[in-house]
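No value in this document is a laboratory result; all are computed from the given coordinates. This structure is a prediction, so every number in the text was calculated from the model and none was measured. Neighbour counts are summed over all protein chains in view; Cβ atoms, including those assigned to glycine, are modelled from backbone coordinates with ideal geometry.
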Amino acid sequence: MNLRELAENLGLEEDEYLELIGLFVEVGTTDLDKLQSAIDEGNAEDVAKAAHSLKGASGNLGLMEFFQIAKEIEEKGRSGLLEGAAEVTQALKERLKAIAEFAGQ
């Protein structure tokens, strides 16, 4: 990830972008917990909702790898087919951890 490029794409200074990333990590952690709970409960509707939230926030910040993974999970939830959702969610958790480390969180 190129911090300067990501910030510029949004018309922000690097420090402003880092602040938004910090908020994303904070809220994303909560959303991932909701996502994991929904998967554990087999609640496809809540899986789709949590993944949609993660997808939107990551897309707005230009975090396209994260966006694509969240989109995949959202589609699984919308289709009601949660097979493999737990594994894909683990990939999101790893990406969020990498984003947090990248941003110095």
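Table for the structure above
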| item | result |
| --- | --- |
| Within the range 31-78, considering residues that are not aliphatic (A, V, I, L, M) and not in a helix (DSSP H, G or I), the one nearest to ILE21 (Cα to Cα) | GLY62 |
| Filter result (of a type outside the set (Asp, Glu) and over 17 Å from PHE24 (Cβ atoms)) within the range 69-88 | LYS76, GLY77, ARG78, SER79, GLY80, LEU81, LEU82, GLY84, ALA85, ALA86, VAL88 |
| Identity of the residue in the range 83-97, surrounded by fewer than 21 Cβ atoms within 10 Å (Cβ to Cβ) and aliphatic (A, V, I, L, M), that ends up nearest to GLY42 (Cα to Cα) | ALA86 |
| In the range 10-22, the residues that are in a helix (DSSP H, G or I) and in contact with a helix residue (DSSP H, G or I) (Cβ under 9 Å, 6 or more places away or on another chain) | GLU14, ASP15, GLU16, TYR17, LEU18, LEU20, ILE21, GLY22 |
| Leading residue by the ranking (farthest from ALA7 (Cα to Cα)) among those in the range 90-105 that are in contact with a helix residue (DSSP H, G or I) (Cβ under 6 Å, 6 or more places away or on another chain) and free of Cβ contacts under 8 Å to residues at least 60 places away in the same chain | ALA91 |
| Residue ID - farthest from VAL27 (Cα to Cα), chosen from residues in the range 37-62 that are surrounded by 15 or more Cβ atoms within 10 Å (Cβ to Cβ) and touching a residue at least 40 places away in the same chain (Cβ under 8 Å) | ILE39 |
